Amino acid sequence: MATPLMGQMMDVPLLISSLLVHAEKYHGDAEIVSRTVEGASADNGTTINKGIHRYTYRDAAARARQLANALTRLGLGDGERAATLAWNGYRHFEAYYAISGMGSVVHTINPRLHPEQIAWIANHAEDRVLFFDLTFAPIVDGIAAHCPNVKAWIAMTDRAHMPAMKNVQPLCYEDLLAAESDAYDWPSFDEKAAACLCYTSGTTGNPKGVLYSHRSTLLHAYAAALPDGLSLSGCEVVLPVVPMFHVNAWTLPYVCAMVGAKIVFPGAALDGTSVCELFETERVTFSAGVPTVWLAVLQHLQKTGHKPTTLKRMLVGGSACPPALMQAFERDYGITLVHGWGMTEMSPLGTVGNLKQKHLSLPESEQFAVRLKQGRPPYGVDLKIVDPEGRELPRDGQTSGDLLVRGPWIIDRYFKADDSPLVDGWFPTGDVATLDADGYMQITDRSKDVIKSGGEWISSIDLENIAMAHPAVAMAAVIGIAHPKWDERPLLVVVKKPDAEVAREELLKHYEGKIAKWWTPDDVAFTDALPLGATGKVQKNKLREQFRDYTLPTA
């Protein structure tokens, strides 16, 4: 093949720091508003009123440079990981940009996990620095002795609110920044360098790390900003309810800086009343979160009779949105819920439920049927469905198959893993879905046995292993049972040992202290035998069929 004629354009690397540089230069006066963990106080000369902190992209950029100087002084090196245990707030935003911008890797950890899992993740990532909000000081105190790689624990607060801790002598975030200049030149390096690390619990066993590059993160943000993505611009006011520790808040901290949108961070108060208050006071136009959050918002609106005046669109992801929830928001409040689907392994954007021009002339009921699907992929994501032998299946909207994906912001291999999960260059999602001719995807089942509760994954194997450790249990299986609020909740199905007796309450108490409390099964069902396949494995498809009409006590 002949040598191709090369283009003659600038070779400017796609780096996360460039987003903040752009935001400072061209959207410097756009606001970043945060509800603080501390509540009302004075903080570094900026305004905090009733627990609300507000400043601009220009301010955030200067403070991110100060933080980069502080981390350099602490010895954080290129490619080394700095972890966060934090809510959505302005300091977390600064850490996002300072850590990645200086060439290190920001590692967001889900604080809802059990402390033992948090420690395992921090050790696997070899975190050198760990930032934490005041809420999570007890977690840090409990895991510090088990995380020898962490050389600096940084409390994300000011001197007046520093926590008293037994096992850690934390550094004060504001003291670190106050000691540094805001003069810092963001380094230039290979755009394929690692930028962010997120662990997924959507697997059995220990969580797996997904290591994003600067290039993949910026391409992902470009796609998310497009009209066929999340359709964001400098005219929007964005409130990400989805946590910054949940796949980088679905890329919103990056997209908002890219387009100059005002961003509103809700802090730790994610109840319907608190979220609706911010919707009104900050004139929010777009928000993003899981269905359980929007259910709480709907219940608040129905109880109070209030109607949001500026909110127009909400992205719903993490699990399928109940049709009644979408209908209630649109019918009663004029707010459009847009389906989105993705995975940690996909950065996470995979599909968005936007209509095409040809759908606009359809009756509303037919438009709604299209929007109930998980959506179609933006440029950058390719989808296909295959049969068990790997043969591609037709895109007819009816045939179901295993869903595979590929693209420039989709995982090639897990962090520290020797083998790639890809099959002929495609990532198997573990979902079973249909595709139609326009690429609209609808998930019909999951090949994994994990349980999706409120947008978070629960490992059935972990719950089974704990149950099996009980002396009265011969066999145990955990399956997801439909729940009106949480989408799914775990049901523990138990075969008792001969002549053994154990009550439901005793088995549920057996989980205390071993897992995150919200992982605990909602109920226990006793049975004489579990359905087994030829290899001795429990056939969970048959078990799910057996308990298809089971009603949980919490439902």
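Here are some notes:
- One Cα centroid belongs to the range 414-436, the other to the range 1-31; the line between them spans 30 Å.
- Of all lysines in the structure, those lying under 25 Å Cα to Cα from Lys496, and not within fewer than 8 positions of it along the same chain, are Lys509, Lys514, Lys517, Lys537, Lys540, Lys542.
- Burial ordering of Cys172, Cys147, Cys235, fewest other beta-carbon atoms within 10 Å first: Cys235, Cys172, Cys147
- Hydrophobic, long helices, defined as DSSP H runs whose alpha-carbon span along the helix axis is 27 Å or greater and whose mean Kyte-Doolittle value is at least 0.0, do not occur in the chain.
- Translational diffusion coefficient (Stokes-Einstein; Kirkwood radius from C-alpha pairs) of the range 451-546 at 37 °C, 0.692 mPa s, in µm²/s: 240 µm²/s
- Förster radius 22 Å - calculated FRET efficiency between Thr336 and Ser274 (Cβ-Cβ, nearest 0.05): 0.45
- Within the range 21-330, the proportion of C-alpha pairs whose separation exceeds 27 Å stands at 40%.
- Percentage relative contact order, the range 21-330, counting C-alpha pairs under 8 Å, at least six apart: 17 percent
- The share of alpha-carbon pairs in the chain lying farther apart than 32 Å comes to 47%.
- For the chain, share of DSSP beta bridges that run antiparallel, in % to the nearest 5: 55 percent
- The range 392-497, relative contact order in percent, only Cα pairs under 8 angstrom and at least six apart counted: 20 percent
- Chymotrypsin sites (Phe, Trp or Tyr not before Pro) within the range 368-455, DSSP loop, no more than 16 other Cβ atoms inside 10 Å: Tyr379
- Based on C-alpha pairs under 8 angstrom that are at least 6 apart in sequence, the chain has a relative contact order of 10 percent.
None of the figures in this text is laboratory data; all of them are computed from the coordinates on show. As the structure is a computational prediction, the values presented were derived from the model and not from experiment. When we count neighbours, we look across all protein chains shown, and the Cβ atoms used for this are built from the backbone with ideal geometry, even at glycine.
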